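The values are calculated or read from the model by the stated rules, or taken from the named source; none is laboratory data. The model shown is predicted, which means the values in this text are computed figures rather than measured ones. Every residue, glycine among them, receives a Cβ derived from its backbone with ideal geometry; neighbour counts consider all protein chains shown.
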Amino acid sequence: MFSKVLIANRGEIALRINRACHDLGVRTVAIYSQADRDSLHVRQADEAYCVGPGPVPRSYLDIANIVSTALAAGCEAIHPGYGFLAENARFAEICADHGLVFIGPKPSVIAAMGDKATAKRVMKEAGIATTPGSGILDTPREARDAAKRIGYPVLLKATAGGGGKGMRVVQRPEDLERAYAAATAEAEASFKDGRIYMEKLILHPRHIEVQVLGDEFGTIVHLGERDCSLQKPSHQKLIEEAPAPNLALKQRNALHEMAVRACRHVGYTNAGTLEFLVSGDHVYFMEMNTRIQVEHTVTEMIYGIDLVREQIRIAAGERLGYAQADLRARGSAIECRINAEDPRNGFAPEAGTLSRVAFPGGPGIRVDTHAYGGALVPPYYDSLLAKVVAYGETREAAIARMERALRETVVEGVHTTIEACLDVLGTSQFREGRYDIGSLPALFAAAARG
Amino acid sequence: MIPEEPAGIAERVARLATFLIANDLESVRIEREHETFEVGRTAAEHAVTIPAAAPASSTPSRIERIAADRVGIFHLGRPAPHEGEVLDGDRELGYVEQLGIRNPVRSRGAGRIVAILQQDGDVVDYGRPLFELDRG
């Protein structure tokens with residue numbers, strides 16, 4: 001096992017990794033920006049080093065400063081968390097070049113699976129169904145030809161993308177050229193990579209993802225699926241749950257089998273998530289995230305496995321020590337994201353000072369957060385303040401606990417998504433598990449009608 | 001506790017600036033019958049300056065802090081600078097070694113070295129004060 005690990009992240013996930021390290025007896029090194037100097041992750045790590053000013057490119061994305069910190073502090077490994085450099089193959093390579101273990105898959109696998117167009121090609125090779133689509137579209141003419149072949153409506157997507165950036169729905173041929181230009185420009189501005197590809201727009205799909213773990217000795221297991229369909233218009237998730245409700249056993253098993261097969265095909269190691277679109281009887285591979293996910297908590301609650309701990313153990317060369325048959329999910333778990341956002345203003349993120357903070361507790365409730373009373377919410381970073389997770393022996397019990405927990409939660413000083421989450425939980429559509437990735441506005445409307 | 005003020009104004013300023021940095025304060029203000037003294041950080045990222053709050057007869061003085069702009073191992077230059085040394089222009093005072101690359105730390109002009117805040121071989125992070133210079 002490592003003796004010291006650098007945590008290349010901030011916020012709740014930095015605290016989460018810090019806890020996993022300490023549970024394993026591993027010392028921790030935090031990095032922080034000047035805007036985060038009073039953050040909890042700085043206080044709870046064994047050592048902390050400032051790597052730059054508030055803006056992300058000059059701090060949490062400054063590879064030279066981060067790697068230099070790890071070396072100067074005597075770390076053996078770097079945990080990237082999610083976001084920032086977590087899926088940057090070049091960063092993983094640089095870590096290796098300097099004798100540091102990157103806690104994640106091999107750089108070549110990150111490169112292959114991080115590029116969405118390449119990932120789909122690899123999945124096709126593995127016999128996994130993907131949404132009908134194109135390769136990289138270099139010109140509007142190529143886009144026109146692809147759309148004709150695939151059939152409208154289509155979706156233009158950035159190959160380096162995420163978070164809905166560089167994405168455009170095109171319903172009719174006459175709208176394609178303008179959408180192509182807009183998607184390319186937005187992708188270039190967001191990722192410094194303007195390449196886009198096309199997919200058939202699947203109507204009313206569910207976003208269901210499968211959690212996997214693989215060690216260096218060829219053991220690959222899945223830890224079931226999560227339903228992450230409840231997404232804001234920006235395609236960012238708001239509420240996630242495991243297991244996915246109303247999923248036929250045959251389809252559930254097929255998803256799990258595809259995820260493991262795909263991982264075997266690419267020689268995947270460490271934790272990862274395969275995202276699928278599920279529409280009726282059809283299942284399509286969408287993309288793979290080669291890192292820990294924000295919503296990994298719901299999987300942990302029903303499997304009783306600390307996924308971050310497993311990431312560190314795998315990276316340290318340890319065996320998983322269990323096989324698929326040893327894993328059994330129990331009960332149901334739901335996660336609500338408490339963000340510093342104004343739901344009445346299009347979920348616009350807010351910065352400010354948290355004047356009062358109180359989180360829930362009691363049986364079956366878990367809160368992962370970096371928020372505290374008096375904490376500053378800087379304008380530079382993701383708006384996530386806390387993840388409230390509820391577990392129940394049944395889905396109904398988990399929902400009831402979540403409602404109780406959210407009513408106990410107090411966050412003052414900024415607008416939050418607490419009420420929006422409660423609104424969703426109270427709808428009959430959610431309670432019956434009848435929702436897809438386009439449902440959130442309808443659920444809010446139903447809640448408003450009472 | 002604020003250190004006793006020595007007679008020389010430059011030294012008084014320097015000691016207050018050191019106290020400010022050591023205690024991570026934004027400013028230190030001392031009010032007396034005939035004078036007010038304030039040492040504070042400016043908006044400039046790496047500088048500490050003193051507003052002209054001393055009595056009219058005193059010599060104006062300005063303390064500037066030179067800080068690391070990257071993470072690495074700090075080394076003093078050769079010949080090693082020393083406290084009290086007067087610099088008549090821009091000079092390399094040391095360097096921060098990062099991933100095998102020497103990144104010079106320069107005085108960026110003339111002044112007197114009031115304090116050397118890190119030792120040769122120390123790990124320094126972004127914004128860590130390295131030198132205090134009296135720009136006069």
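Could you tell me which residue of the range A:427-439 is farthest from the chain's Cα centre (by Cα), considering only residues that are over 15 Å from A:E335 (Cα atoms) and either surrounded by fewer than 15 Cβ atoms within 10 Å (Cβ to Cβ) or without any contact (Cβ under 8 Å) to a residue 40 or more places away in the chain (or both)? Going through the qualifying residues, I end up with A:S428. Scanning the range A:37-75 for residues that are assigned to a helix (DSSP H, G or I), within 12 Å of another protein chain (Cβ to nearest Cβ) and surrounded by 18 or more Cβ atoms within 10 Å (Cβ to Cβ) gives A:V42, A:N65, A:I66, A:V67, A:S68, A:T69, A:A70, A:L71, A:A72. Taken together, the criteria place A:K148 among residues that are away from chain B (no Cβ under 14 Å), within 25 Å of A:A182 (Cβ to Cβ), assigned to a helix (DSSP H, G or I) and not polar (S, T, N, Q). Within the span defined as the range A:233-244, every residue fails to be modelled with pLDDT of 95 or more, surrounded by 17 or more Cβ atoms within 10 Å (Cβ to Cβ), out of contact with any Lys or Arg (no Cβ under 8 Å at 6 or more places or on another chain) and closer than 23 Å to A:M301 by Cα. Under the condition of being among the β-branched types (V, I, T) and part of a loop (DSSP other than H, G, I, E, B), which residue from the range A:405-449 is nearest to A:L230 (Cα to Cα)? It comes out as A:I437. Residues that are under 22 Å from the mean Cα position of the chain (by Cα) and part of a strand (DSSP E or B): does the range A:394-404 have at least one? Checked against the condition, which is being under 22 Å from the mean Cα position of the chain (by Cα) and part of a strand (DSSP E or B), the range A:394-404 yields no hits at all.
State all residues of the range A:290-319 that are in contact with a helix residue (DSSP H, G or I) (Cβ under 7 Å, 6 or more places away or on another chain) and either of a type in the set (D, E, K, R) or in a loop (DSSP other than H, G, I, E, B) (or both); if no residue qualifies, say none. Spell out how you get there, then give the answer.
Restricting attention to the range A:290-319, the residues satisfying the condition of being in contact with a helix residue (DSSP H, G or I) (Cβ under 7 Å, 6 or more places away or on another chain) are A:290, A:292, A:296, A:299-300, A:306-309, A:312.
The answer is A:T290, A:I292, A:E300, A:D306, A:R309.
In the condition set (1) part of a helix (DSSP H, G or I); (2) surrounded by 24 or more Cβ atoms within 10 Å (Cβ to Cβ); (3) more than 14 Å from every other protein chain (Cβ to nearest Cβ), A:V5 is compliant with all but (1).
Among the residues making up the range A:9-66, those that are in contact with a Gly (Cβ under 8 Å, 6 or more places away or on another chain), among the small types (G, A, S) and more than 19 Å from A:I94 (Cα to Cα) are A:A14, A:S33, A:A35, A:S39.
Taking A:A20, is it over 29 Å from A:M113 (Cβ atoms), touching a residue at least 24 places away in the same chain (Cβ under 8 Å) and assigned to a helix (DSSP H, G or I)? Please lay out each step first, then the result.
On the way: over 29 Å from A:M113 (Cβ atoms): no; touching a residue at least 24 places away in the same chain (Cβ under 8 Å): yes; assigned to a helix (DSSP H, G or I): yes.
When the stated conditions are applied, A:A20 does not pass them.
Looking at A:K192, A:K148, A:K157, A:K165, can you tell me which residue is closer than 26 Å to A:S279 by Cβ, surrounded by fewer than 19 Cβ atoms within 10 Å (Cβ to Cβ) and out of contact with any Ser or Thr (no Cβ under 8 Å at 6 or more places or on another chain)? Of A:K192, A:K148, A:K157, A:K165, the one residue that is closer than 26 Å to A:S279 by Cβ, surrounded by fewer than 19 Cβ atoms within 10 Å (Cβ to Cβ) and out of contact with any Ser or Thr (no Cβ under 8 Å at 6 or more places or on another chain) is A:K148.
Within the range A:400-408, identify whether any single residue is aliphatic (A, V, I, L, M), surrounded by 17 or more Cβ atoms within 10 Å (Cβ to Cβ), without any contact (Cβ under 8 Å) to a residue 60 or more places away in the chain and more than 24 Å from A:S383 (Cα to Cα), and answer yes or no. Scanning the range A:400-408, I find no residue that is aliphatic (A, V, I, L, M), surrounded by 17 or more Cβ atoms within 10 Å (Cβ to Cβ), without any contact (Cβ under 8 Å) to a residue 60 or more places away in the chain and more than 24 Å from A:S383 (Cα to Cα), so the answer is no. Answer yes or no as to whether A:A375 is within 25 Å of A:F444 (Cβ to Cβ) and either in contact (Cβ under 8 Å) with a residue 60 or more places away in the chain or more than 21 Å from the chain's Cα centre (by Cα) (or both). So A:A375 fails the test.
Scan the range B:65-110 for residues that are among the hydroxyl-bearing types (S, T, Y) and either more than 14 Å from every other protein chain (Cβ to nearest Cβ) or in a loop (DSSP other than H, G, I, E, B) (or both) and the total you get is 1.
Search the range B:111-136 for residues being on the phi > 0 side of the Ramachandran plot and modelled with pLDDT of 95 or more, and hand back the single one that is farthest from the other protein chains (Cβ to nearest Cβ).
To start, the set of residues in the range B:111-136 that are on the phi > 0 side of the Ramachandran plot comprises B:111, B:121, B:127, B:136.
Going one step further and asking which of them are modelled with pLDDT of 95 or more, we end up with B:111, B:121, B:127.
Details: B:G111: 25, B:G121: 11, B:G127: 5 Å.
The residue in question is B:G111.
Could you pull out the residue among A:A86, A:A111, A:A129, A:A96 that is on the phi < 0 side of the Ramachandran plot, away from every other protein chain (no Cβ under 13 Å), surrounded by fewer than 20 Cβ atoms within 10 Å (Cβ to Cβ) and in contact (Cβ under 8 Å) with a residue 60 or more places away in the chain? If you could, list the steps in order and put the result at the bottom.
Details: A:A86 fails: surrounded by fewer than 20 Cβ atoms within 10 Å (Cβ to Cβ); A:A111 fails: in contact (Cβ under 8 Å) with a residue 60 or more places away in the chain; A:A96 fails: in contact (Cβ under 8 Å) with a residue 60 or more places away in the chain.
Just a single option satisfies the conditions, and that option is A:A129.
Contact map, the range A:210-228: first residue at pLDDT 95 or above and surrounded by 24 or more Cβ atoms within 10 Å (Cβ to Cβ), second residue of a type in the set (F, W, Y) and part of a strand (DSSP E or B), Cβ cut-off under 8 Å, separation 6 or more or different chains; pairs are A:V210/A:F276. In the set (1) over 28 Å from A:Y268 (Cβ atoms); (2) in contact with a His (Cβ under 9 Å, 6 or more places away or on another chain), the condition left unmet by A:I128 is number (1).
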